[in-house]
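Encoded as structure tokens, the structure appears first; notes follow it.
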Amino acid sequence: MLKYSLILTLLASVLMADDVEYKGNIGVEASYYSHDIPNKRSSVSALHIEAEWKKSFENAQFVVKVKGVLDSDDKERRYVDFNDLYYKYKFEDSDLQLGRSTRFWGALEFYNHTDVFNTKDRLDDPFDYDSKIGAWNVAYTKYFGDDELSVIVKVHEEKQRIQDPKSVYNYFPLPYDDDLLTQESRNRPSFFLKYSGTSEDIQLDYSFIYENGYDEQRYMSVVEGNLRQNAYLVNKLLGFATLVSGSTIYKTELSYTFSSDDKVSDYAQIGVGLSLTTLSMEVMSFLRGRLLSLAKTFFTSSITPAPLLSMVGNTA
Amino acid sequence: MTKILLTTLLTATSLMALTNLEIAKKADMATDGFVSSISKTKMILVNASGQKSVRDLLMKTLEGKNGDKTISTFLSPADVKGTKVLGHEHVGRDDDQWLYLPALKRVKRIASRNKSGSFMGSEFSYEDIGNQNYQKYTYKGDPEIVTFKGMKCYKGVRIPKDKNTGYTKQISWVDTKNFLIRKVEYYDRKRTLLKTAVFSGYKKINGIWRVGKIEMKNHQNDKATILIWKKDKVNTGLSPNDFNKRVLKQ
């Protein structure tokens, strides 16, 4: 109750302030699925609302982003969430951010396995990997020209809700209980140390991240006839980079996870991408103990500046 | 009569005494020295049937010895609002360019070698938008004195040095009075006329000449793009920190 009172007070103060920059959009989702699975809906219709308010001060910024979904059938998909609700104070060459926020990490276009900061929002479009649940965190970033070093502390693990049993996206054989099981307390901090740099001599951007805390991936267990998610502690090393050579762009994402849970082995993930003027291809490998699976390839029309814009414009 | 003839002769001699390179150097100097600028620009895209779409841009530029730094932010319409392009020019190597699209939420490094690619779907290429430093060209032949819209101009040929250029040559019209560029014709790799840019609305801001309007007409697809500078400030106090990658996400 106190949390929501605080949120509403902060939101009201932002909305009522002068010089507030705001934007938003309203969308209608309507889809039909041809299937013969019993007790599953064939169609989905929902209203989506996204709004963002930004108040800038001389050395600070206050940001509120809210997302609302109203599904005509699925009661689980009737929710409002403040994914970004943070205050950022800017020093001369650094900044301090407090609050709830989403972060977007990675270099590849299709799927980013280094994008581990937030829990994915499975109530929204399950194929939109950028649909996330905001995380409460404190972050300090020091800038060195185009390079930056961040220390981020996530202070709470978010639970993950899913669509109701009649949704085709709910494929669980047992009822799902969203009450998260954690190896230690749900408020056990997860620490992230991130360094991002840009090469002076070649066209290269790179980032390295170390995490000590809860893994973004989770496993399921059956508790009293219900499926529940388990969050486990890891030490994780991540890296991603983009290199431009001539008119070709090379991208890679790498990660290695040291699990501290007996039920999960250490695992590695590798993703590489290549973008030419008329072709974009990405290959991802997922290794858990031994090489298991997953190689995906896709093609897009182009990745050069202007066509990229038109491609994204169509998507948006 | 003798006085008039002498004056005409002297004027003609002084006009013709300049080489294409010297004219280009003076044209560069006429608009250089703004240190940094912040401009609000209207970009009007005109398709072959004359239909127009309008975009508003905020353009920030910082002059540098080794190339300018620029950041362009789309202010409208809503579908491109917040899109930002950051460019760091370099002498002797490919420029650095990054793109931030609100829909992707990540800063993307983009290939700058494709200089002939369209800048934001307009008839301007990245090459046209970038710094037109006179050292980026070699100059051919002697300048001609011609009249363009009632103004006496030096007409000369310049050839881009960059091997990734989209042009085989450009013909420029430079005002003989103040060395401001009035018109440029761009010839494609097949050596045929591709585009014509007409520069107008020049005004002095803090002693620096600034262009007010550029109309770029593509002769091969009949499309055009008009850039109009609505607000323009120079010596704005921008620093290199205002052109760091982190600015794209703010």
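No lab work stands behind these numbers, since they all come straight from the coordinates. What you see is a predicted model, and the numbers here were worked out from it, not measured in a lab. Counting neighbours? That spans all protein chains shown, and the Cβs are built from the backbone with ideal geometry, glycine included.
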* Among the listed pairs B:LYS40/B:LYS163; B:LYS25/B:LYS204; A:LYS23/A:LYS154; B:LYS52/B:LYS231, give every one whose C-alpha distance is greater than 23 Å. => B:LYS40/B:LYS163; A:LYS23/A:LYS154
* Asked: Thinking of segment B:137-250 as a set of Cα atoms, what percent of all their pairs are more than 18 Å apart?
  -> 63 percent
* Structure fact -> By Cβ neighbour count within 10 Å, fewest first, B:ASP188, B:ASP95 rank B:ASP188, B:ASP95
* Structure fact -> Listed with the fewest Cβ neighbours within 10 Å leading, B:LYS60, B:LYS213 appear as B:LYS213, B:LYS60
* To do: Provide the per-residue ³J(HN,Hα) series for segment A:231-243, in order, calculated from phi with Karplus coefficients 6.51, -1.76, 1.60 and θ = phi - 60°, each as a whole number of Hz, with x at glycine and proline positions.
  => 9, 10, 8, 9, 10, 10, 10, 10, x, 8, 8, 10, 10
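Show me A:168-181, A:119-132, B:191-204 ranked by packing, highest mean number of other Cβ atoms within 10 Å first.
So the peptides A:168-181, A:119-132, B:191-204, ranked by packing, come out A:119-132, B:191-204, A:168-181.
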* Structure fact -> Convex hull around the C-alpha positions of chain B: the volume in Å³ per residue is 140 Å³
* Asked: How well do other chains shield peptide B:99-108, expressed as the mean number of their Cβ atoms within 10 Å of each residue Cβ?
  -> 6
* Order of A:SER94, A:SER43 - criterion: other Cβ atoms within 10 Å of each residue's Cβ, fewest first -> A:SER43, A:SER94
* Identify all aspartates and glutamates with a Cα-Cα distance to A:LYS236 below 15 Å; exclude those on the same chain that are fewer than 8 residues away in sequence. => A:ASP115, A:GLU211, A:ASP215, A:GLU216, A:GLU253, A:ASP261, A:ASP266
* To do: Tell me what chain B gives for mean residue ellipticity at 222 nm when only DSSP H runs of n ≥ 4 count, each as -39,500 (n - 2.57), the sum divided by the residue total, rounded to 500 deg cm²/dmol.
  => -3500 deg cm²/dmol
* Quote the FRET efficiency, to the nearest 0.05, computed for A:VAL155 versus A:TYR219 with a Förster distance R0 of 25 Å and r equal to the Cβ-Cβ distance. => 0.65
* Using 7 Å Cα-to-Cβ label points, what is the B:ASN66/A:LEU274 separation (nm, one decimal)? -> 3.1 nm
* Partner chain Cβ atoms within 10 Å, averaged over the residues of A:244-256 - can you pull that number for me? => 2
* Structure fact -> Candidates B:THR41, B:THR83, B:THR147; GNM for chain B (alpha-carbon contacts under 10 Å) flags as most fluctuating B:THR147
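Cα-Cα over 20 Å: which of A:LYS55/B:LYS60; A:LYS120/B:LYS105; B:LYS42/B:LYS108?
A:LYS55/B:LYS60; B:LYS42/B:LYS108
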* **Directionally averaged shadow of the protein assembly as shown, computed from the convex hull of its alpha-carbon atoms, nm²** => 31.3 nm²
* Spin-label pair B:LYS213/A:ILE26, simplified geometry with 7 Å Cα→Cβ offset, distance in nm -> 3.9 nm
* Once every Cα of segment B:13-76 carries one equal point scatterer and solvent is ignored, give the base-10 log of I(q)/I(0) from the Debye formula at q = 0.11, 0.20 Å⁻¹, two decimals. => -0.48, -0.86
